[in-house]
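Engineer: There's a structure below that I have some questions on.
The values are calculated or read from the model by the stated rules, or taken from the named source; none is laboratory data. Note that the coordinates shown come from a computational prediction; the quantities given were computed from them, not determined experimentally. Here the Cβ is made from the backbone with ideal geometry for all residues, glycine too, and neighbour counts use every protein chain on show.
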Amino acid sequence: MSNGSLLNGYTVVTCEDCGFCFADEIPDQAVLDAYYENMSKYEHQESKGRDSHDDCARFQHVCSIIQPFLRDPTSRILEIGCANGGLLALLIQHGFTDLLGVDPSPASASVARKLHNIRVLTATLSNMPLAGQLFDFIILAGVLEHVRDLDPVVIRLRNLLAPLGQLYISVPDASRYAAGEDAPFQEFSIEHINFFGPKSLENLFHARGFTLQYYAQELMRVGHRTSTSVIHTIFQKATPAASQPVLVRDEATALGLAAYIEASQQVDAQIQEIMKTLATSRQPIIVWGTGAHTLRLLATSRLKDAVITAFVDSNPIYQSKGLNGIRIIAPSDLRGRTEPILISSRAYQEDIARQVRDDLKLPNRLIRLYQLDILREELL
């Protein structure tokens, strides 16, 4: 994507000593920080900042996990990567009064203030202006999988916690990716550069002075008939240990990733055939979606050889940019165009279809890649 790509790909490697799996050959943390500041997709500008039904359900679930550990309504609570402040707003409804958010996106900070009257600092984990402040509880939901420099981050979190303060950490569970339901290889989003299993996440925090207070693995819904495996944990800041804790090698995650790759290849083979048909037909098409799903298909399938007249994305940040030299337009710009629309998303496939039919009132033929509730329309 013009003026916005993070990287073209990476190599996933496994540490021979501890079994932690992570992306190699990636840019410095400063490059990642700039990307999340300028190219955020989490403020939901297309819905005026309001969170989806699935996001609201996720906030309710996270709130139910952390509430038993938040007995004092005056506890100082910090959420890092708070997006539009939906979880913090829910905590306010439950009676908590001292909350602060941090997010790299200026738009998210503005939406959080406007919708929920929550103070959100525009900053990254690397440059949070919180020197001298201590918090009783810190929340990082879906953050650490995006962070390159984990060691200084965990040390910074420890320094921000009051004595016996606690952290809620949730990350995708790479040891159980194959149990989820999503597009093939979708968990290898270019934004996800750490692949935690329960043991590697526990090792990261045990080695830096934390003890595990709570742990759960589950499947979490992220879209229509779409789910991902998640690890929920709560760690407590411990007093300095007399000896270095014993780390337990993560044996599960590399095996889990291999199983996920094999399962993805089976589903992807069908999609590759569809892309081949589109390319050889030479019929002009519009592609709706410019995220990881589309980027992967452009790199690994015949989609790049298809006659694509435009890309569509609801995120205003992406509009007017180019992808493979082709302009990205807003959904409203589709009016008057007759090309079939390829929906390049699984999680939002039916949402996009409803938007085309019900909101935009467009008759364009829709090309679905996934048979969810509605059979895919004929390609030719």
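Engineer: Suppose the filter is under 27 Å from ASP24 (Cα atoms), in contact (Cβ under 8 Å) with a residue 40 or more places away in the chain and touching a strand residue (DSSP E or B) at 6+ places or on another chain (Cβ under 7 Å); does ALA179 pass it? It would help to see each step written out before you state the result.
Structural biologist: Values: under 27 Å from ASP24 (Cα atoms): yes; in contact (Cβ under 8 Å) with a residue 40 or more places away in the chain: yes; touching a strand residue (DSSP E or B) at 6+ places or on another chain (Cβ under 7 Å): yes.
Spelling it out, ALA179 is indeed under 27 Å from ASP24 (Cα atoms), in contact (Cβ under 8 Å) with a residue 40 or more places away in the chain and touching a strand residue (DSSP E or B) at 6+ places or on another chain (Cβ under 7 Å).
Engineer: Going through the stretch 274-310 one residue at a time, which ones are within 21 Å of GLU181 (Cβ to Cβ) and over 28 Å from the mean Cα position of the chain (by Cα)?
Structural biologist: Passing the criteria: none in range.
Engineer: Inside the stretch 256-271, can you point out the residues that are among the polar types (S, T, N, Q) and either surrounded by fewer than 16 Cβ atoms within 10 Å (Cβ to Cβ) or not in a helix (DSSP H, G or I) (or both)? Spell out the reasoning first.
Structural biologist: First pass over the stretch 256-271, keeping only residues among the polar types (S, T, N, Q): 264-266, 270.
Within the stretch 256-271, GLN265, GLN266, GLN270 meet the criteria.
Engineer: Shifting gears a bit: PHE137 - would you say it is over 28 Å from PRO240 (Cβ atoms), modelled with pLDDT of 90 or more and among the hydrophobic types (A, V, I, L, M, F, W, C)? Working first, answer last.
Structural biologist: On the way: over 28 Å from PRO240 (Cβ atoms): no; modelled with pLDDT of 90 or more: yes; among the hydrophobic types (A, V, I, L, M, F, W, C): yes.
No: the conditions fail for PHE137.
Engineer: If I ask for residues that are of a type in the set (A, V, I, L, M) and either part of a helix (DSSP H, G or I) or under 24 Å from ALA109 (Cα atoms) (or both), which ones from the stretch 61-85 would you list?
Structural biologist: If we filter the stretch 61-85 for residues that are of a type in the set (A, V, I, L, M), which is where we start, we get 62, 65-66, 70, 77-78, 80, 83.
If the condition is that a residue be of a type in the set (A, V, I, L, M) and either part of a helix (DSSP H, G or I) or under 24 Å from ALA109 (Cα atoms) (or both), then VAL62, ILE65, ILE66, ILE77, LEU78, ILE80, ALA83 are the ones that fit.
Engineer: Give the stretch 272-294 a look and list any residue that's touching a residue at least 60 places away in the same chain (Cβ under 8 Å), in a helix (DSSP H, G or I) and buried (at least 21 other Cβ atoms within 10 Å of the Cβ), or say none. So that I can check it myself, show each step before the final result.
Structural biologist: Residues of the stretch 272-294 that are touching a residue at least 60 places away in the same chain (Cβ under 8 Å), as a first pass: 274, 277-278, 281, 283, 285-286, 288-293.
Checking which are in a helix (DSSP H, G or I) leaves us with 274, 277-278, 281, 292-293.
LEU278, HIS293, listed by residue number.
Engineer: Of all residues being among the basic types (Lys, Arg) and touching a strand residue (DSSP E or B) at 6+ places or on another chain (Cβ under 8 Å) in the stretch 195-227, which is modelled with the lowest pLDDT? Just the residue, please. Before the answer, list the steps.
Structural biologist: As a first pass, look at the stretch 195-227 and keep what is among the basic types (Lys, Arg): 199, 208, 221, 225.
Filter once more, so that each one left must be touching a strand residue (DSSP E or B) at 6+ places or on another chain (Cβ under 8 Å): 221, 225.
On the way: ARG221: 89, ARG225: 83.
Step by step, filter the stretch 195-227, then rank; the result is ARG225.
Engineer: Do we have any residue at all in the stretch 271-279 that's of a type in the set (Ser, Thr, Tyr) and outside the structural domain of GLU350 (by TED's automatic domain parsing)? Steps first, please.
Structural biologist: Quick first cut of the stretch 271-279, residues of a type in the set (Ser, Thr, Tyr) only: 277.
Going one step further and asking which of them are outside the structural domain of GLU350 (by TED's automatic domain parsing), we end up with 277.
For the stretch 271-279, residues of a type in the set (Ser, Thr, Tyr) and outside the structural domain of GLU350 (by TED's automatic domain parsing): present.
Engineer: Here is a check on your reading of the model: is ASP182 surrounded by 20 or more Cβ atoms within 10 Å (Cβ to Cβ), among the acidic types (Asp, Glu), farther than 30 Å from GLN266 by Cα and under 22 Å from the mean Cα position of the chain (by Cα)? Step through it out loud before you land on a result.
Structural biologist: Values: surrounded by 20 or more Cβ atoms within 10 Å (Cβ to Cβ): yes; among the acidic types (Asp, Glu): yes; farther than 30 Å from GLN266 by Cα: no; under 22 Å from the mean Cα position of the chain (by Cα): yes.
No; evaluated as a whole, the condition is false for this residue.
Engineer: Please go through the stretch 78-95 and pick out each residue that is surrounded by fewer than 24 Cβ atoms within 10 Å (Cβ to Cβ) and either in contact with a Gly (Cβ under 7 Å, 6 or more places away or on another chain) or at positive phi (or both).
Structural biologist: GLY81, GLY95
Engineer: Could you tell me whether the stretch 126-148 includes any residue that is farther than 21 Å from PHE59 by Cα, outside any loop (DSSP other than H, G, I, E, B) and within 23 Å of the chain's Cα centre (by Cα)?
Structural biologist: Let us first name the residues in the stretch 126-148 that are farther than 21 Å from PHE59 by Cα, namely 126-134, 147-148.
Adding the requirement that they be outside any loop (DSSP other than H, G, I, E, B) leaves none.
No, there is no match, as no residue in the stretch 126-148 is farther than 21 Å from PHE59 by Cα, outside any loop (DSSP other than H, G, I, E, B) and within 23 Å of the chain's Cα centre (by Cα).
Engineer: Which condition number does THR239 fail, the rest of (1) assigned to a strand (DSSP E or B); (2) of a type outside the set (A, V, I, L, M, F, W, C); (3) over 26 Å from TYR36 (Cα atoms) being met?
Structural biologist: (1)
Engineer: Looking at (1) free of Cβ contacts under 8 Å to residues at least 60 places away in the same chain; (2) crowded, with 18+ Cβ neighbours inside 10 Å; (3) within 19 Å of the chain's Cα centre (by Cα), which one does VAL230 not meet, given that it meets all the others?
Structural biologist: Going through the list (1) free of Cβ contacts under 8 Å to residues at least 60 places away in the same chain; (2) crowded, with 18+ Cβ neighbours inside 10 Å; (3) within 19 Å of the chain's Cα centre (by Cα), VAL230 breaks only (1).
Engineer: Mind telling me which of the residues SER314, SER345 ends up being closer than 20 Å to LEU6 by Cβ and either assigned to a strand (DSSP E or B) or touching a Gly at 6+ places or on another chain (Cβ under 7 Å) (or both)?
Structural biologist: SER345
Engineer: Next up: Step by step: first the residues of the stretch 149-161, then only those that are surrounded by fewer than 19 Cβ atoms within 10 Å (Cβ to Cβ) and either acidic (Asp, Glu) or part of a strand (DSSP E or B) (or both), then the one that is modelled with the lowest pLDDT. Which residue is that?
Structural biologist: ASP149
Engineer: Suppose we keep only residues that are of a type in the set (Ser, Thr, Tyr) and assigned to a loop (DSSP other than H, G, I, E, B) within the stretch 1-43. Which one would you say is modelled with the highest pLDDT? Break it down into steps so the answer makes sense when it comes.
Structural biologist: Residues of the stretch 1-43 that are of a type in the set (Ser, Thr, Tyr), as a first pass: 2, 5, 10-11, 14, 35-36, 40, 42.
If we keep only those that are assigned to a loop (DSSP other than H, G, I, E, B) as well, we get 2, 5, 10, 40, 42.
Numbers: SER2: 63, SER5: 66, TYR10: 91, SER40: 56, TYR42: 50.
Filtering first and then ranking leaves TYR10.
Engineer: I need a count of the residues in the stretch 261-296 that are touching a Pro at 6+ places or on another chain (Cβ under 9 Å) and among the hydroxyl-bearing types (Ser, Thr, Tyr).
Structural biologist: Adding up the residues that qualify gives 1.
Engineer: Looking at ASN203 and the list (1) out of contact with any helix residue (DSSP H, G or I) (no Cβ under 6 Å at 6 or more places or on another chain); (2) buried (at least 21 other Cβ atoms within 10 Å of the Cβ); (3) closer than 30 Å to ALA353 by Cα, which single condition is not satisfied?
Structural biologist: The single condition ASN203 does not satisfy is (3).
Engineer: Being among the charged types (D, E, K, R), free of Cβ contacts under 8 Å to residues at least 60 places away in the same chain and out of contact with any helix residue (DSSP H, G or I) (no Cβ under 9 Å at 6 or more places or on another chain) is the filter here; which residues of the stretch 46-99 pass it?
Structural biologist: The answer is ARG71, ASP98.
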